[in-house]
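One structure is given here, and the rest of the page talks about it.
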Amino acid sequence: MAIVLSDDRCEEIKQEVVNLFERYNVNSVPIIGFEIASKMGIKVIPYSSKSEKARELCMKESEDGFSIRKGNQWYIFYNEEKGFGRINNTMLHEIGHIVLDHTEDSELAEKEVKFFAKYALVPPVLVHKLKLSTPEEISETFDVSYEAAYYALVYYNKWLNYSGRFYKPYEKQLLALFSKNSLKLDLD
């Protein structure tokens, strides 16, 4: 049976994303995983910087990327042969593991970080405030693939139908954070 995240857990993860953005002053789009990792003190290492044997081991671990902790230091290893959008998603996925304090791999942990990365890359409340209505506009604004933008639009429409008419506290927090930058969001 497939694991489904509860609504309460999704709300907790959204709040974690907003707290992360606030803590590291992330207040402009596109959301860049490398920037957040740097601000968090995470060492980001491309597969190509490793020996051939180490690269093979990295690819066995994941074709995209993975994170590990040694002592108090976090590392994200990533495959730079993937396109920017995929690498950026991988960065946010791995940051999700770190922020959500996952200590082992599980189906639940993967569901949580996929949701974390999806929400972090294209928060629906920003799509709404920026008045974006097509995958092309979302792709261009948030620097994500057309496919990711399409799914973000589907998610945005669900958000709009079920909760978008009344902003939750974390959404107001996110809008306030992004309004400090050049987005010039109308907070009404």
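Near Trp74, the amide H atoms lying under 5 Å from its own belong to Lys43; only residues 5 or more places off or on other chains count, and H is placed 1.01 Å from N.
Computed about its Cα centre, the charge dipole of the stretch 5-148 is approximately 480 debye, with only Lys, Arg, Asp and Glu carrying charge at their Cβ. Over the chain, DSSP H runs of length four or greater, each weighted -39,500 (n - 2.57), average out per residue to a 222 nm ellipticity of -18000 deg cm²/dmol.
Built from the Cα atoms of the stretch 59-151, the convex hull projects on average onto 6.8 nm², one quarter of its surface area.
Computed over the chain, relative contact order equals 25 percent, with contacts defined as Cα pairs under 8 Å that lie 6+ residues apart.
Which of the chymotrypsin sites (Phe, Trp or Tyr not before Pro) found in the stretch 18-50 are loop residues per DSSP with 15 or fewer other Cβ atoms within 10 Å of their Cβ? Answer in residue order: Tyr24. Shown here are the Rg and Dmax of the Cα trace of the chain, at 16.7, 56 Å. Listed peptides 121-133, 162-174 appear in the order 121-133, 162-174 once ranked by packing, highest mean of other Cβ atoms within 10 Å at the front. In the stretch 80-101, whose amide N lies under 13 Å from the spot 7 Å out along Cα-to-Cβ of Met59? List them in ranges. Only 80-82 pass the distance filter.
Read the figures in this text as sums done on the coordinates, not as results from a lab. These figures come from a predicted structure and were not determined experimentally. Backbone-built Cβ (ideal geometry, glycine too); neighbour counts: all protein chains shown.
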